[in-house]
Amino acid sequence: MIEDGLDLVRPLLSDLPPQWQTVLALPLLVTALVVVVTIVANSMPAVDRLLRPAVVAATSVLGLLLLVPEYLATIAIRRAGRRPPAVIHLYDDGVEGLVGLGMRAGRTGLSALTRDRRLRRLLIVVTVGSILVVSNGASCAQAPAPACRKPVASWWEQTTRLVTDDEAPAVKPKPAKKPKPTKATAK
């Protein structure tokens, strides 16, 4: 994933020399990721208003679908003239508990993420960091280890190489001053 993102970002840097394109591509990608995740995190209140009713409705429908097997088993057992075992009622209670939990979660929604700015910032940092770590770690999954270079390690080496190559030329030490001749050495 990180390689795909770098491929998308590099055309933006096409006017720069190639070594600078390589060095600036990853920071530009990270900046773009932060912007996109921030936009998504800040749009959470609107998404929350849309999702709350949908989650509540989906929870109700899922609960009904999960109760169909219990209903059919109970009908079959009663028609046979027996009483349903307690396990079936236990299943019914479990489904009701899950539906209640889903309903509460649906009504609460993403309100914690929409209200607390610190939590949103933490979510942004964790999301971007996770994307970078996971995609960097998975970048050499198909290629053999010696032939593949992880994007962040490659970026770091190229950045340090560029910085050390572009430094100001080393300052040459001043030549030692010649001692002034004294009367004793002048003779």
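The values are calculated or read from the model by the stated rules, or taken from the named source; none is laboratory data. This is a predicted model, so every value here is computed, not measured. A quick note on method: Cβ atoms are made from the backbone with ideal geometry, for glycine too, and the neighbour counts reach across all protein chains shown.
Report yes if some residue within region 10-30 is under 13 Å from Leu132 (Cβ atoms), of a type in the set (A, V, I, L, M, F, W, C), touching a Ser or Thr at 6+ places or on another chain (Cβ under 7 Å) and part of a helix (DSSP H, G or I); otherwise report no.
Checked region 10-30: no residue is under 13 Å from Leu132 (Cβ atoms), of a type in the set (A, V, I, L, M, F, W, C), touching a Ser or Thr at 6+ places or on another chain (Cβ under 7 Å) and part of a helix (DSSP H, G or I).
What's the total number of residues in region 95-129 that are farther than 27 Å from Val56 by Cα, surrounded by 12 or more Cβ atoms within 10 Å (Cβ to Cβ) and of a type outside the set (A, V, I, L, M)?
2
Does region 69-85 include one or more residues that are modelled with pLDDT of 80 or more and either at positive phi or within 24 Å of the chain's Cα centre (by Cα) (or both)?
Checked against the condition, which is being modelled with pLDDT of 80 or more and either at positive phi or within 24 Å of the chain's Cα centre (by Cα) (or both), region 69-85 yields at least one hit.
Any idea how many residues of region 59-94 are basic (Lys, Arg), loosely packed, with under 10 Cβ neighbours inside 10 Å and part of a helix (DSSP H, G or I)?
1
May I ask you to list the residues in region 21-35 that are surrounded by 15 or more Cβ atoms within 10 Å (Cβ to Cβ) and touching a residue at least 60 places away in the same chain (Cβ under 8 Å)?
Matches in region 21-35: Thr22, Val23, Ala25, Leu26, Val30, Leu33.
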